[in-house]
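Q: Take this structure, written in structure tokens, and hold onto it; I'll ask about it next.
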Amino acid sequence: NAGVTQTPKFQVLKTGQSMTLQCAQDMNHNSMYWYRQDPGMGLRLIYYSASEGTTDKGEVPNGYNVSRLNKREFSLRLESAAPSQTSVYFCASSGTLSGANVLTFGAGSRLTVL
Amino acid sequence: EDKVVQSPLSLVVHEGDTVTLNCSYEVTNFRSLLWYKQEKKAPTFLFMLTSSGIEKKSGRLSSILDKKELFSILNITATQTGDSAIYLCAFKPNTGNQFYFGTGTSLTVIP
């Protein structure tokens with residue numbers, strides 16, 4: 001069972017370039033999430049999707065767009081990358097454990113914007 | 001505004017020590033509190049707590065929730081260098097799909 005798979009693992013961009021982070025889960029989870037993690041800031045929610053066809057802004061959505069392509073896939077797009085978007089990005093999906101929701105994370109994508 | 005506060009921010013201990021990590025929360029509509037361990041990669045799930053006073057245990061790690069005082073602790077006994085990691089707590093409200101994370105406690109265990 002692969003769980004949550006995200007690509008690429010590493011990416012270096014120049015300011016103004018665009019890119020898409022891909023995420024797929026094989027656990028049949030309804031909800032999927034994109035977080036960024038910066039030193040001392042913990043995990044901050046960028047966008048989430050409660051179910052196929054819906055997306056909602058999280059705490060730090062500016063500069064990002066998302067697409068919930070189907071139940072399995074949830075992509076994050078940076079249209080015009082900025083140095084402030086240098087971060088480690090985690091995709092996650094949410095399934096139930098004993099009736100309550102638990103997040104399962106992908107391995108992370110380290111993005112550097114020069 | 002709902003928030004989660006973890007303390008201490010960082011901790012350095014010697015192998016064999018016992019550590020207690022704290023997580024307090026100010027939330028409305030509490031559903032569950034979760035603990036994760038993060039080494040140099042993705043956070044991995046440790047415990048989920050929904051009821052007060054019931055200890056969850058896995059080997060040398062244990063956790064308990066106090067819903068009245070709005071906090072949880074994570075205990076690690078007989079620490080090992082492999083316990084070095086960032087420990088994150090998060091809560092899940094009863095409504096909506098979001099999880100709210102604290103900033104984490106960075107634990108370093110030295111031989």
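Read the figures in this text as sums done on the coordinates, not as results from a lab. Note that the structure is predicted; figures quoted are calculated from it, not measured. Cβ atoms come from the backbone with ideal geometry, glycine included; neighbour counts cover every protein chain shown.
Q: If the label point is 7 Å along Cα→Cβ of A:Asn62, which residues in the stretch A:14-50 have backbone nitrogen under 17 Å from it?
A: The answer is A:16, A:36, A:44-47.
Q: Take the Cα gyration tensor of chain B, multiply each eigenvalue by 5, square-root it, and list the three semi-axes largest first, rounded to whole angstrom.
A: 24, 14, 12
Q: Within a Cβ distance under 11 Å of A:Glu73, other residues only, what is the Lys/Arg minus Asp/Glu net charge?
A: So the surrounding residues net to +1.
Q: Test of understanding: express the Cα radius of gyration of chain A as a ratio to 2.2 N^0.38 Å, with N the residue count.
A: Normalised by 2.2 N^0.38 Å, the Cα Rg of chain A equals 1.01.
Q: Related question: Between beta-carbons, use under 9 Å as the cut-off and find the net charge around B:Phe47, counting Lys and Arg +1, Asp and Glu -1.
A: +2
Q: So in chain A, what percent of DSSP beta bridges are antiparallel if you round to the nearest 5?
A: So the antiparallel bridges in chain A amount to around 90 percent.
Q: Residue by residue through the stretch B:72-83, what is 3J(HN,Hα) from phi via Karplus (6.51 cos²θ - 1.76 cosθ + 1.60, θ = phi - 60°)? Round to whole Hz and write x for glycine and proline.
A: Here the 3J(HN,Hα) series is 9, 10, 10, 9, 10, 9, 6, 4, 10, 4, x, 7 Hz.
Q: Express as a percent, rounded to the nearest 5, the fraction of DSSP beta bridges in chain B (both residues included) that run antiparallel.
A: Once the DSSP bridges in chain B are tallied, antiparallel ones form about 90 percent.
Q: For the stretch B:1-81, which chymotrypsin sites (Phe, Trp or Tyr not before Pro) pass both filters: DSSP loop (anything but H, G, I, E, B) and at most 16 other C-beta atoms within 10 Å?
A: Loop-located and lightly packed - none at all.
Q: Just to confirm a number: summing +1 for Lys and Arg and -1 for Asp and Glu over residues other than B:Ser63 whose beta-carbon lies under 13 angstrom from that of B:Ser63, what do you get?
A: Taking every other residue near B:Ser63 into account, the sum is +2.
Q: List, in order, the whole-Hz ³J(HN,Hα) value for each residue of the stretch A:81-90 obtained from phi through the Karplus relation with A = 6.51, B = -1.76, C = 1.60 and θ = phi - 60°; use x for Gly and Pro.
A: 3J(HN,Hα) across the stretch A:81-90, in whole Hz: 5, 10, x, 5, 8, 4, 5, 9, 10, 10.
Q: Here is a further query. Specify which residue in the list A:Phe90, B:Ile86, A:Asn28 is farthest towards the positive end of the charge dipole of the protein assembly as shown, using unit charges on the beta carbon of Lys, Arg (+1) and Asp, Glu (-1), about the Cα centre.
A: A:Asn28
Q: If you build a Gaussian network model of chain A, linking Cα atoms that sit under 10 Å apart, which residue out of A:Met41, A:Met19, A:Met32 swings the most?
A: A:Met41
Q: Still on this structure, I have one more. List, in the order given, every pair from B:Lys37/B:Lys57; B:Lys67/B:Lys92; A:Lys71/B:Lys92; A:Lys9/B:Lys37 whose Cα-Cα distance in the structure shown is over 24 Å.
A: none
Q: Further, regarding this structure: I need two numbers for the protein assembly as shown: Rg to one decimal and Dmax as a whole number, Cα atoms only, in Å.
A: For the protein assembly as shown, the Cα radius of gyration and maximum Cα-Cα distance read 17.6, 52 Å.
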